[in-house]
Amino acid sequence: MIVKKIFNPLAVARYMKLELIVAAISAAVVYFIYNTGSATTPSLPFSIAAILGSALAIFIAFRNNNAYNRWWEARTMWGSIINNSRIFARQVIANSDNAVQINKTSADEAANYKRELIYRQIAFAHSLRLQLRRQKSPEEFKHLLSIEEFHLAIQKINTANYLLLQQGKRIKEGMTLELLGPFDSISLEPTLAGFNNFQGSCERIGNTPLLRQYHYFTKLFLLVFMLVLPFSLIGEFTKIGIPLAMIPTSILVSFVFAVMGKVGEVNEDPFENRITDVPLTAICNTIERDLKEMLGEKDLPAKAEAANGFLF
């Protein structure tokens, strides 16, 4: 996620180099044609470019709006995962501590049980992040699970879903062993169900692209606009005696539309581990720090900070 407010113009130009090259070549070719006398009158009125620009703006606005909705929904889902992880940890800690207070279990057994469930919840967040980003680095949550459970988990097609299944089983076992109260699952089960829903929503966003026809036609209309624009501008600038100014003007106008289109393009897929994506690594870091702190641990992982204006 980009957190800095000021962008390096050269970096933006490098990012948009293909569009800038197309706009520059198109404008230069049109200027060369008219400057050499091959054409003496503009072949297209300016109204053509204006109409194309209006249609392109509508497509870009629609696409950007839907792309941002996808990005914001993804961020909202992960915000809910943070909140529900804290709720889950609080429920487990409070219920287990209550079992100790009423002499249903020992403090050591309760501490091990709390640590197991909360660590597995942290592992769920990390595994879901890796699944959404299609990254193969399960060692990032290896320290949160037992050796046996870790090797079983990484063999599953959907590791995050498997970890939630184990949470459900251990909650039932905790009730049988009186590590939890007989009715504690009434509050814990909806919290687990929420994690399933959040995971499903994230998978839906990751597996369902924005309608490809909007992606295709936006790019097509942008290309047509960049090719037509110089033919519409050369006549206007020739009338005022500065035809050469058409080149930078055409590049600038094309650049503005291209940047608008690129913003929507990079936001429509929020789980691709790019600088514009939802900062899943930082979110998982927050979950791990908060839940370990709730357990009373002091050795917490360092807080994820933005580097060079980007938070991953």
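Every number in this text was worked out from the coordinates using simple rules, so none of it is lab data. For clarity, every value in this text was computed on a predicted model and none was experimentally measured. Cβ: placed from backbone, ideal geometry, glycine included. Neighbour counts: every protein chain shown.
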Checklist entry - Which Rg and Dmax, in Å, describe the Cα atoms of the stretch 183-240? => result 25.7, 84
Item to check | Histogram of C-alpha separations across the chain, 20 Å bin width, % | outcome: 27, 39, 22, 11, 2
Next on the checklist: Kirkwood Rh and Cα-based Rg: tell me the resulting Rg over Rh for the stretch 16-94, rounded to two decimals.
Outcome noted: 1.44
Next on the checklist: At 37 °C and a viscosity of 0.692 mPa s, what translational diffusion coefficient does Stokes-Einstein give for the stretch 101-210, taking Rh as the Kirkwood radius over Cα pairs? Give it in µm²/s as a whole number.
Outcome noted: 218
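Tell me what the chain gives for mean residue ellipticity at 222 nm when only DSSP H runs of n ≥ 4 count, each as -39,500 (n - 2.57), the sum divided by the residue total, rounded to 500 deg cm²/dmol. Spell out each step's value before the answer.
Working: 10 runs with 222 residues, N = 312.
Calculated mean residue ellipticity at 222 nm is -25000 deg cm²/dmol.
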Next on the checklist: Check which residues have an amide H placed less than 5 Å from PHE310's amide H, if you skip close sequence neighbours.
Outcome noted: VAL3
Next on the checklist: Using the Cα centre of the chain as origin and beta-carbon charges of +1 (Lys, Arg) and -1 (Asp, Glu), tell me which of ASN112, SER187, GLY261 is placed farthest towards the positive end of the dipole.
Outcome noted: GLY261
Item to check | Long pairs among LYS114/LYS169; LYS172/LYS303; LYS156/LYS303; LYS142/LYS298; LYS114/LYS136, criterion Cα-Cα beyond 25 Å | outcome: LYS172/LYS303; LYS156/LYS303; LYS114/LYS136
Next on the checklist: I need two numbers for the stretch 142-200: Rg to one decimal and Dmax as a whole number, Cα atoms only, in Å.
Outcome noted: 12.7, 33
